[in-house]
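Before any comments, here is the structure.
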Amino acid sequence: MTITIDELSDTVGAEVRGVWAETLLTDESLPEVVLDALEEHGVLVFRDLHLDPRTQVEFCRKLGEVDTSPGHHPVPGIYRVSLDTSKNSSASYLRATFDWHIDGCTPEDDAYPQKATMLSARAVAPSGGETEFASTYRAFDDLGTAERDHLTPLRVVHTLEASQRLVTPEPTPEQLEAWRRRPAKEHPLVWTHKSGRRSLVLGASTDHIVGMEPERSRALLDDLLRRCTAPERVYRHEWAVGDTVIWDNRGVIHRAAPYPVDSPREMLRTTVLGEEPIE
Ligand SMILES: [Fe+2]
């Protein structure tokens, strides 16, 4: 089997060819190839893979420990992503995925942000619903020395409220209370990974920079996010049924383009749990 990996943009994403659902579990070299390519490219696209849910979970287990909390799907390890409340009872929270984010920045417990996320398209939206990716490794690497030095000591408070307010600016008291039950988390703005690489920790959950005046703090975070996600730095995946995409959640931020609530769009997600804290 010959595998080819071709870059999809200058900064993030690559398409993998030469992999089929039938060989995914039998090719013993594949997990390492995928992990190495993820580290290098941040996002990997497999078109036309038509992965069945069990194979998806089994393959992800070769990449790390899989999250098996209940996911509105009969196969453990699969979480159904749909705005249709009959398919997913927490669909209303998914609207926050229309903003840039890292998965798992404000967990209920002390879990580390997820290592990688895999999505397979079962049904697509007639319009909208593309997923966009930007590399936070490259965002850091492309900063000048002075800016790196300025940003590296800063710490940022992340909250569920910050991300939910972007989609529900005028919450009811009950909504607000529910959001505030989720503990706030403080993370460094610059994540120094075990590998030695550094990335920016950005996205919708950023509430404020510790010790900085609120307006300045918001302006700085918004400016960094805008530069990190400038159009030329984004890979936008237009989904077709049968596509599978996996991304490195530690060094990539992502968002979904809005799509209608009555859209048939349905993705099956598997999450590989994190192994390192943001530090
Ligand atoms: Fe997400």
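The values are calculated or read from the model by the stated rules, or taken from the named source; none is laboratory data. Keep in mind the model is a prediction, meaning the values are calculated, not measured. Here the Cβ is made from the backbone with ideal geometry for all residues, glycine too, and neighbour counts use every protein chain on show.
Given THR172, THR206, which one is more than 30 Å from HIS50 (Cα to Cα) and under 18 Å from the mean Cα position of the chain (by Cα)? Outline the logic, then answer.
Numbers: THR172 fails: under 18 Å from the mean Cα position of the chain (by Cα).
Answer to the check: THR206.
Condition first: away from the ligand (no atom under 16 Å from the Cβ), outside any strand (DSSP E or B) and not hydrophobic (A, V, I, L, M, F, W, C). Can you find one or more residues in region 116-126 that meet it?
As a first pass, look at region 116-126 and keep what is away from the ligand (no atom under 16 Å from the Cβ): 122-126.
Still in the running and outside any strand (DSSP E or B): 124-126.
Checking the rest, the ones that are also not hydrophobic (A, V, I, L, M, F, W, C) come to 126.
Yes - at least one qualifying residue is present in region 116-126.
Mind listing whichever residues of region 128-182 are among the hydrophobic types (A, V, I, L, M, F, W, C) and without any contact (Cβ under 8 Å) to a residue 24 or more places away in the chain? Full working, then the answer.
Restricting attention to region 128-182, the residues satisfying the condition of being among the hydrophobic types (A, V, I, L, M, F, W, C) are 133-134, 139-140, 143, 146, 151, 154, 156-157, 160, 162, 166-167, 176, 178-179.
Matches in region 128-182: LEU143, ALA146, LEU176, ALA178, TRP179.
Among the residues in region 115-137, are any more than 29 Å from ALA37 (Cβ to Cβ) and surrounded by 14 or more Cβ atoms within 10 Å (Cβ to Cβ)? Don't jump to the end; show me each part of the working.
Taking region 115-137 as the starting set, the residues that turn out to be more than 29 Å from ALA37 (Cβ to Cβ) are 126-127.
Then drop every residue that is not surrounded by 14 or more Cβ atoms within 10 Å (Cβ to Cβ), which leaves none.
No, every residue in region 115-137 fails to be more than 29 Å from ALA37 (Cβ to Cβ) and surrounded by 14 or more Cβ atoms within 10 Å (Cβ to Cβ).
Output the residue which, of all residues in region 1-17 that are in contact with a Ser or Thr (Cβ under 8 Å, 6 or more places away or on another chain) and either at pLDDT 95 or above or charged (D, E, K, R) (or both), is surrounded by the most Cβ atoms within 10 Å (Cβ to Cβ).
So the first thing to find is which residues in region 1-17 are in contact with a Ser or Thr (Cβ under 8 Å, 6 or more places away or on another chain), and the list is 1, 11-12, 16-17.
Narrowing the set further to residues that are either at pLDDT 95 or above or charged (D, E, K, R) (or both) leaves 11-12, 16-17.
Values: THR11: 22, VAL12: 27, VAL16: 21, ARG17: 13.
Checking each candidate, the answer is VAL12.
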